[in-house]
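A.B. asks: First the structure, which I've put down as structure tokens, then a few questions once you've had a look.
The values are calculated or read from the model by the stated rules, or taken from the named source; none is laboratory data. The shown structure was predicted, so the numbers you read here are calculated from the model rather than taken from an experiment. Here the Cβ is made from the backbone with ideal geometry for all residues, glycine too, and neighbour counts use every protein chain on show.
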Amino acid sequence: MKFKLVLISLIAGLFIFIGLNRASTEEDKSPIENKMAKIIFHYKDDFSKAEKEKVEYWLKQTAEATQRTVGVYPFDLHFYLHKSDNANEPVPWANTVRSEIQGVNFHVNTEFPIEDFMSDWTASHEISHLAIPFVGKSNSWFAEGFATYMQNEILLEMEECTQEDIDKKFKIKLDMARPYYQENDPFADVAMALRKDYRFPEMYWGGAYYFIQLNNDIKAIDGRSLGDVLKEYQPCCRLEDDDLESLLQSIDQLVDGMPASKLMNKYRTLPAKEIFK
């Protein structure tokens, strides 16, 4: 009987130790890490256990860095994995899923090392798209500009680049795109004309210029970054907004002076060459 009491006492102590240890582990995490959006993986081809571990680590790290940058998503994330074994890069293709389900299709070549996946911009670009609602194909310059801008902020958060790297990249890419915007037509019209001409890099980086300016405008107003505002946007408005106009209005409600709408009005009305000097 005495032995049983001792055994029960030891078992109870063990459970208390495990519980305290688990609680301590959870408390050590920041609040945002404890409430990240749930990730659901869908394998559309055969992946080995090692391949699954690689892509899941990469996508979990990128999704968490994305949410530390733009806010915690108020929905589950669905990632669909497809194999592209003959591709000459780790992620040759990806695209978002926009329906009742929010997610991304990733086509990957798992022969590449994890380091190549972590430094690749594709996941940060596509996952960041989900921070805002689908704004329609007619505003694709805005959507792609947003993801192009944010992908670099996310890679910075992941310590896959430095701010100096980003500054250098922005200069190179904006210098590349600028000549295509030296037109009298409004910026938004010129950007969409570039899309029709399949000049996607020029459209993407031209669109990113809007968010560079918006970030600067917000900082000038109250010292916050665009990312800071988006962290407030996710819980209040992400599931409510369903087009570009409602998105702009929501951002304006979170920042004094209506910076998003005022800047958009310039991009819709002023000659492209006056904006992208």
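A.B. asks: If a residue must be under 30 Å from residue 61 (Cβ atoms) and in contact with an Asp or Glu (Cβ under 9 Å, 6 or more places away or on another chain), how many such residues does the range 178-204 contain?
C.D. replies: Residues meeting the conditions: 3.
A.B. asks: Oh, and also: Being among the polar types (S, T, N, Q) and touching a Cys at 6+ places or on another chain (Cβ under 9 Å) narrows it down to one of 128, 119, 84, 124, so name that one.
C.D. replies: Matching residue, one of 128, 119, 84, 124: 119.
A.B. asks: Tell me the residue from 246, 261 that is within 18 Å of residue 139 (Cβ to Cβ), of a type in the set (Ser, Thr, Tyr) and free of Cβ contacts under 8 Å to residues at least 24 places away in the same chain, please.
C.D. replies: Exactly one of 246, 261 is within 18 Å of residue 139 (Cβ to Cβ), of a type in the set (Ser, Thr, Tyr) and free of Cβ contacts under 8 Å to residues at least 24 places away in the same chain, namely 261.
A.B. asks: Can you pull out every residue in the range 139-166 that is touching a Phe, Trp or Tyr at 6+ places or on another chain (Cβ under 6 Å) and either farther than 24 Å from residue 264 by Cβ or not assigned by TED's automatic domain parsing to the domain that holds residue 192 (or both)?
C.D. replies: Result: no residue meets the conditions.
A.B. asks: Further question on the same structure: So which of 120, 116 ends up being crowded, with 19+ Cβ neighbours inside 10 Å, outside the structural domain of residue 234 (by TED's automatic domain parsing) and charged (D, E, K, R)?
C.D. replies: Just one listed residue meets the conditions, 120.
A.B. asks: Taking the range 264-276 as the search range and keeping residues that are in contact (Cβ under 8 Å) with a residue 60 or more places away in the chain and surrounded by fewer than 14 Cβ atoms within 10 Å (Cβ to Cβ), which one is nearest to residue 226 (Cα to Cα)?
C.D. replies: Residue satisfying both the conditions and the ranking: 268.
A.B. asks: Which number in (1) surrounded by fewer than 16 Cβ atoms within 10 Å (Cβ to Cβ); (2) in contact with a Lys or Arg (Cβ under 7 Å, 6 or more places away or on another chain) marks the one condition that residue 140 misses?
C.D. replies: Of (1) surrounded by fewer than 16 Cβ atoms within 10 Å (Cβ to Cβ); (2) in contact with a Lys or Arg (Cβ under 7 Å, 6 or more places away or on another chain), only one is false for residue 140: (1).
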